[in-house]
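Below is one structure, written out as structure tokens; comments come after it.
Every read-out reported here was derived from the displayed coordinates using simple, explicitly stated rules and does not represent laboratory data. All values reported here derive from a predicted model rather than from experimental measurement. Because the Cβ atoms are built from the backbone with ideal geometry, glycine has one as well, and the counts that use them run over all protein chains shown.
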Amino acid sequence: MAETEDLSARGLFIRTEALLPVGEETEILVELPDGTKLTLAGRVAHMLTPSAARALGRHPGMGFELVGFDTPERIQLRSHIESLKTEITSPGLATTTQVIVVDPSPPLRTRMARCLEAAGFKVSAVATATEALEACSVWRPDAIVAASDMEGMSGVDLAHAMSEHATLSDVPLLLTGDDGDLGRLEAFRAGVRDYIPKPFLDEELVIRVHRIAAPPTQGSSFGLRGNLVDIGLSTLLSLFEFERKSGILLLLRAGEIARVFIAEGKILKCEASTGNGAPKERLMRLLDWRDGQFEFSPAAVGGRDEVGTSVTALLLEHARQADEGKDKTPAPGRR
């Protein structure tokens with residue numbers, strides 16, 4: 001009898017100190033929380049010995065991959081996993097992207113958390129990789145930002161631990177550090193999604209986290225980045241509406257950060273680090289930007305429509321307001 005919290009449709013990690021050889025196949029009896037018992041065929045894919053588990057701050061055990069035909073029990077397991085995803089994972093990029101920040105330095109940890117929160121992310125900041133894994137047992141983040149150099153469990157150790165965790169193996173990990181080329185190479189070999197050399201700017205952190213935390217829509221590779229001087233925001237929004245694209249448009253300008261959430265070409269929500277007002281009013285102010293950086297990341301976006309109008313209607317209203325503003329401007333020589 002053993003327990004697991006690492007369960008997926010592809011396999012599971014069983015916490016036990018009684019280890020089988022890698023490659024051995026066996027029958028696994030899984031009891032779901034509602035008492036349903038499933039008999040599955042599994043093969044030992046990897047193991048975590050007691051000594052290695054202590055070094056990583058994890059439980060010893062074996063990782064099994066499920067083998068054999070697609071039985072009714074396998075189908076029932078998939079159904080259970082999908083229901084768990086709905087209950088315990090974050091609600092998605094349509095609402096708030098959830099990020100865990102891991103850094104032993106309180107000032108840097110606070111700085112990173114604040115700049116990401118200002119960009120619209122929901123942030124949980126902790127001091128150690130072990131605390132990050134404990135936080136992941138409560139809710140599954142959309143991304144983790146961690147220091148490369150940490151006592152006890154380094155950023156690379158965290159990457160290996162996440163790769164062995166069925167529900168965290170696909171969560172992107174970004175490391176920060178000053179390890180040089182060899183350190184970055186080791187990090188990428190461990191499966192780290194991105195690496196930011198120290199020191200770094202807040203805007204760079206926001207861009208990198210935004211990029212790794214916005215998974216592409218299935219079958220879509222439409223990504224875009226550039227300068228608003230070259231491509232205006234109104235042109236971008238018109239393009240997304242015409243192409244019926246879904247994703248998140250990140251805008252950066254002189255300390256200002258904004259994110260526009262788009263679903264099937266329709267703007268659902270707008271978040272900005274400066275300025276108050278309704279989402280539509282924030283969009284109107286963004287349309288006045290004539291410079292700044294933009295990056296569009298395809299993603300599955302849903303949720304409540306907070307804007308309540310189409311892109312075309314929004315642009316027409318903005319143009320009308322601009323014309324009315326010109327009409328109120330006195331002509332040269334007149335008062």
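Brief remarks on what is shown
- Overall, the range 98-213 carries a charge dipole of about 320 debye about its Cα centre when +1 sits on the Cβ of Lys and Arg and -1 on the Cβ of Asp and Glu, all other atoms neutral.
- Each residue in MET112, MET153, MET284 was given a count of other beta-carbon atoms within 10 angstrom of its own, and listing them fewest first yields MET284, MET153, MET112.
- For THR176, the residues whose amide H sits under 5 Å from its own are ALA146, ALA147, SER148, ILE196, ignoring neighbours fewer than 5 places away on the same chain, with H placed 1.01 Å from N.
- Ordering ASP179, ASP288 from the fewest to the most neighbouring beta carbons within 10 Å gives ASP288, ASP179.
- The order of the peptides 25-33, 229-237, 245-253 by mean Cβ neighbours within 10 Å, most packed first, is 245-253, 229-237, 25-33.
- One chain, two ends: SER163 and VAL229. Fully extended at 0.36 nm per residue, the span grows by 19.6 nm beyond their Cα-Cα distance.
- Among 200-208, 180-188, the order from most to least packed when residues are scored by Cβ within 10 Å on average: 200-208, 180-188
- Once the chain from GLU31 to GLU73 is taken as fully extended at 0.36 nm per residue, the excess over their C-alpha distance is 14.0 nm.
- For the range 224-327, with +1 on Lys and Arg beta carbons and -1 on Asp and Glu, the positive-most of PHE242, SER273, GLY232 along the dipole: SER273
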